[in-house]
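J.: Got a structure for you, written out below as structure tokens; questions coming shortly.
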Amino acid sequence: MSYLQKRSIVAIDGDKVTSVSDAVNDGLIAEAVWTDPLSVIVPARHPLLAHGQVRLNDALKFPLVLCHPEAGSGGHYQIEAVLEGAAVAPKVADRVTSLGVMLTLVGAGYGVGFAIASQVQSLQRPDIAIRPLAGTPPKLSTYMLCRQGKPSEAVKRFIGRVKSMSAPADGALGA
């Protein structure tokens, strides 16, 4: 497992690992098991809060605080792919090593950020606010990394539980 994979691991359980990165090697495969919508994270008193949903191009008019590519956040690559397809060129104010540092800088007014809303909401910070992206927001995938070959019974049960709790991602492991 690479350094990047180790840094982007969400959870480890026996012979399966969940990660926000699909970068694999050493006989592992990555399968999307669930997705979460990308949200805009803004300071508590920001002009974008006038909108219930924020258009991506409107968010990109402000400086951005993004995760650094070497920080090991697999979500970084997924967010960068969304930003590359935008009509407005992003203005990056800073690149940070963790979600916590990003939220601190956003809360201090250095810029806006992007993250999975469910991750940020669980932190309950008074200095930031979360807004969904307008339209159909891009989805960030969480992957299950497992050994190549037939999944074990434990992995199959895990996949079944994940699928029963959320809509299956395209190409998710099944049998």
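J.: Restricting attention to segment 52-99, which residues are out of contact with any Phe, Trp or Tyr (no Cβ under 9 Å at 6 or more places or on another chain), small (Gly, Ala, Ser) and open to solvent by 40 Å² or more (accessible area, probe 1.4 Å)?
T.: GLY52, ALA81, GLY85, ALA87, ALA89, SER98 - these are the residues of segment 52-99 that are out of contact with any Phe, Trp or Tyr (no Cβ under 9 Å at 6 or more places or on another chain), small (Gly, Ala, Ser) and open to solvent by 40 Å² or more (accessible area, probe 1.4 Å).
J.: I would also like to ask the following. How many residues does segment 100-121 hold that are open to solvent by 70 Å² or more (accessible area, probe 1.4 Å) and over 20 Å from ARG45 (Cα atoms)?
T.: Of the residues in that region, 1 qualify.
J.: Any idea which of (1) of a type in the set (Gly, Ala, Ser); (2) within 20 Å of the chain's Cα centre (by Cα); (3) at pLDDT 85 or above is the one GLY75 doesn't satisfy?
T.: (3)
The values are calculated or read from the model by the stated rules, or taken from the named source; none is laboratory data. The structure presented is a predicted model; accordingly, all values stated were derived computationally and were not measured. Here Cβ is always computed from backbone atoms with ideal geometry, including for glycine, and neighbour counts include all displayed protein chains. The accessibility values were calculated without ligands, DNA or RNA, using every heavy atom of the protein model including side chains. Shrake-Rupley method; radii C 1.70, N 1.55, O 1.52, S 1.80 Å.
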